[in-house]
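Working notes for the structure below.
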Amino acid sequence: MSNTKKADPAAAAELFILRDQVHEPMHDRFLWATMQRRDAQAAAIPEWEELRELASKIKEHTLTHLDHYLEEFEANATKRGAHIHWAIDAAEHNTIVHSILESHGVKELIKSKSMLQEECQMTPFLQNRGIKVIESDLGERIQQLDGQPPSHIVFPSIHKTRRDVAQLFARKIGTDPNNDDPHFLTEVMRNNARPRFLAAGAGMTGGNFAIAETGTFMVCTNEGNADIGASVPPLHIASIGIEKLVPRVEDMGVFLRLLARSAEGEPLTQYSSHFTGPRKGGELHIVLVDNGRSRRLGMPDFWHSLKCIRCGACMNTCPVYRRSGGLAYGATYSGPIGVILDPTFDEFKYSELPFHSTLCGSCTDVCPVKIDISDQIFKWRRVMAKKGYLPLVKRLAFAAAGRAFGHPEEFRLMEEAGGPALGYAPDFLLYNHSLNPWGRDRQLPQPAKKTFREWYLANRSEHGND
Amino acid sequence: METTSSREVILKGIRYSNLFLIKQEAEAPQIPVFQRADTPLKPEFEVHLQKAGGVAHDVSSVAEVETKLAVLHPEAMVICSAVPEIAGTRKVTEVHDPHELADVDVGIVRAQFGVAESGAVWLTQEDLVVDALGFLSQHLIVLLDPNEIVSDMHAAYLRVRLDETAFGCFMMGPSATADVEATLVHGAQGARSLNIFFLPPM
Ligand code: SF4
């Protein structure tokens, strides 16, 4: 077991909320607006629920035959001229990437957003070995310049105001600290990144999906930055988690209809790119990464988390995430998906995370691949309780709820009534902010005929601040 | 060799873990054909393209495309074309290295088909000739046959041939970002604008 310090999300969230009257309400408002766009998109597609069910089934089928599909993917990608590498863990992934770069004499690398490369802590590893690594996604680059990890898996710098970005660019790039127009700031980064795309010896991407049938992998972006990185430098390296496989090309119709609608309330991302072998005149390396995934696959209570397509909808809908900010989780993955993924990397370090939730179930309701997120959060609490990792915060509140906690049936009843939502969440997340309808309306949904999410949607819109 | 053994370790780990799971689905599920309202696809395509930040134009001739091009991009110095209809100032077939495209003001390409539910067009390496033309060009002009529009992504993937191209992209409007205060800005890294001209091939 790790002897690292426990991540303390409640304390960190409190800092985010108490910092000023600007950051936390803005964060909450943006993500809520994203959620409303997602809801409108979902409502406009009659087969939405059927698509979610299909996506879930396709992923379940793939994960229970993953060895077969990985071998099929490898064979087809190899046939098309890609070089396939296998990495058991983060260290091996980083070593493989480094050795490819070294053998090509690459000193500068431009990359697009990849949560897997974040998970592997690849950038510091390469920088320590003399390779310059530049993020090309605007939000990711903002975070890199600020020395922070991404705070959201889709919107990495969503917790920052335009003023924060203007001041950061002024410090790091020398622009006018008082010009905080997002158009200006985006243009600054475009002009800053262009020469780097042209100078880079390699481009790196992640992969949103890998198609076994054809040996193709897919990358979705809005900026087109992954495409520049893949099409300009002579060398393209992609890091892909082994859980990203889908069997057939036609499966992508289901997943792409769900992904961007769930993530940002748009029908697609601006660019949905398919790479099958190297481009004309280029070289392509694919690193298939396990890093705990095959072990997670054997956990009957938690393997469904491997279905995740990293859309971020569970974060946007989560009342605790929206108010905490992603950095509060102190982990690569934040929000509800982070709560169920992070403990599989380090149970002790992330033992607080399952308590950073209201168990309201909203995440489960919106997840496009139907992961039972809130049930898994509850199960992780039991794991932590069994291991004796008592939550740092609100021990009293927790103890008061202990009776229900020790009696799952009773807990279920309470949960159905919407009770534990307020019972378990750290109070300051719920009450201390006059602008938040969550805190303003202390009435519990009675009777709880609707799901919690339905109640919350109705309740929130009454306050009409969006 | 290190990678061979890692491969075996990972595959064995998966097989071992799979022993704990119930294999509910022996086959991947069938994807049904979803019924579509019988509405014309072109207007739907145009609405979604506009939402994505692109603009559609009805034209009747190549000459009209060239006139509109001059109005849209009067300052363009380098116009790089991947279509036989329009010469531009540079033929992409004469480009050997993607870096040569760094100065392109306007790229001109023909998409194979469009998707009504999103306003996206499908572009492959064969259409772009040099992939980077689609991403380094400051602005893009896309020619599209108005009869080549499919309804949704299911129909789109029936037409996509990933076994025949090393690169293919559904491109939905120009490059965009909302990374500063969730404010939408076009032209983050890729094309700043995307204009689609409805014109069947000659
Ligand atoms: S758990 Fe579901 S909702 Fe959350 S990021 Fe993953 S796919 Fe999206």
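Within the span defined as region B:27-39, one or more residues are modelled with pLDDT under 95, surrounded by fewer than 16 Cβ atoms within 10 Å (Cβ to Cβ) and away from every other protein chain (no Cβ under 11 Å). Here A:C311 meets the list (1) assigned to a loop (DSSP other than H, G, I, E, B); (2) of a type outside the set (D, E); (3) surrounded by fewer than 24 Cβ atoms within 10 Å (Cβ to Cβ); (4) more than 10 Å from chain B (Cβ to nearest Cβ) almost entirely, failing just condition (3). All of A:D67, A:D20 fail the test of being acidic (D, E) and facing chain B (nearest Cβ under 9 Å), apart from A:D67.
So, in region A:315-340, how many residues would count as being within 25 Å of A:E266 (Cβ to Cβ), within 10 Å of the ligand (Cβ to nearest atom) and open to solvent by less than 10 Å² (accessible area, probe 1.4 Å)? Result for region A:315-340: 8.
Taking the conditions exactly as written (more than 12 Å from the ligand (Cβ to nearest atom), open to solvent by less than 10 Å² (accessible area, probe 1.4 Å) and closer than 23 Å to B:L158 by Cβ), does A:V249 satisfy them or not? Working first, answer last.
Details: more than 12 Å from the ligand (Cβ to nearest atom): yes; open to solvent by less than 10 Å² (accessible area, probe 1.4 Å): no; closer than 23 Å to B:L158 by Cβ: yes.
Spelling it out, it is not the case that A:V249 is more than 12 Å from the ligand (Cβ to nearest atom), open to solvent by less than 10 Å² (accessible area, probe 1.4 Å) and closer than 23 Å to B:L158 by Cβ.
Collect the residues in region A:270-294 that are open to solvent by 20 Å² or more (accessible area, probe 1.4 Å) and either closer than 18 Å to B:A120 by Cα or in contact with a Ser or Thr (Cβ under 7 Å, 6 or more places away or on another chain) (or both), keeping them in residue-number order. Of everything in region A:270-294, those that are open to solvent by 20 Å² or more (accessible area, probe 1.4 Å) and either closer than 18 Å to B:A120 by Cα or in contact with a Ser or Thr (Cβ under 7 Å, 6 or more places away or on another chain) (or both) turn out to be A:R279, A:G292.
Can you pull out the residues in region A:156-201 that are closer than 25 Å to A:I228 by Cα, assigned to a loop (DSSP other than H, G, I, E, B) and in contact with a His (Cβ under 9 Å, 6 or more places away or on another chain)? A:I158, A:G201, listed by residue number.
Quick grid of which residues meet (1) modelled with pLDDT of 95 or more; (2) more than 8 Å from every other protein chain (Cβ to nearest Cβ); (3) farther than 18 Å from A:S231 by Cα:
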{"residue": "B:L133", "(1), (2), (3)": "yes, yes, no"}
{"residue": "B:Q138", "(1), (2), (3)": "yes, yes, no"}
{"residue": "B:L144", "(1), (2), (3)": "yes, yes, yes"}
{"residue": "B:N147", "(1), (2), (3)": "yes, yes, yes"}
{"residue": "B:C169", "(1), (2), (3)": "yes, no, no"}
{"residue": "B:A176", "(1), (2), (3)": "yes, no, yes"}
{"residue": "B:L194", "(1), (2), (3)": "yes, yes, yes"}
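What about A:S362, is it within 14 Å of another protein chain (Cβ to nearest Cβ) and over 16 Å from the mean Cα position of the chain (by Cα)? No, not satisfied. Among residues of region A:213-246 being facing chain B (nearest Cβ under 7 Å) and among the polar types (S, T, N, Q), the one that is most open to solvent (accessible area, probe 1.4 Å) is A:N222. Within region A:181-212, the set of residues being open to solvent by 20 Å² or more (accessible area, probe 1.4 Å) and within 8 Å of chain B (Cβ to nearest Cβ) comprises A:H183, A:E187, A:R194, A:L198. Here A:I153 meets the list (1) assigned to a loop (DSSP other than H, G, I, E, B); (2) in contact with a helix residue (DSSP H, G or I) (Cβ under 8 Å, 6 or more places away or on another chain); (3) within 9 Å of chain B (Cβ to nearest Cβ) almost entirely, failing just condition (3).
Residue check: is B:V130 of a type in the set (A, V, I, L, M, F, W, C), closer than 21 Å to A:P233 by Cβ and outside any strand (DSSP E or B)? When the stated conditions are applied, B:V130 passes them.
Say we look at region A:352-384 and pick out the residues that are part of a loop (DSSP other than H, G, I, E, B), more than 9 Å from the ligand (Cβ to nearest atom) and touching a Ser or Thr at 6+ places or on another chain (Cβ under 8 Å); which of these is nearest to A:H61 (Cα to Cα)? Of everything passing the filter in region A:352-384, A:D372 is nearest to A:H61 (Cα to Cα).
The values are calculated or read from the model by the stated rules, or taken from the named source; none is laboratory data. In this text the structure is predicted, and so the values were computed from the model without any measurement. Here the Cβ is made from the backbone with ideal geometry for all residues, glycine too, and neighbour counts use every protein chain on show. Each accessible area value is taken on the protein alone, full model and side chains, heavy atoms only, with ligands, DNA and RNA left out. Shrake-Rupley method; radii C 1.70, N 1.55, O 1.52, S 1.80 Å.
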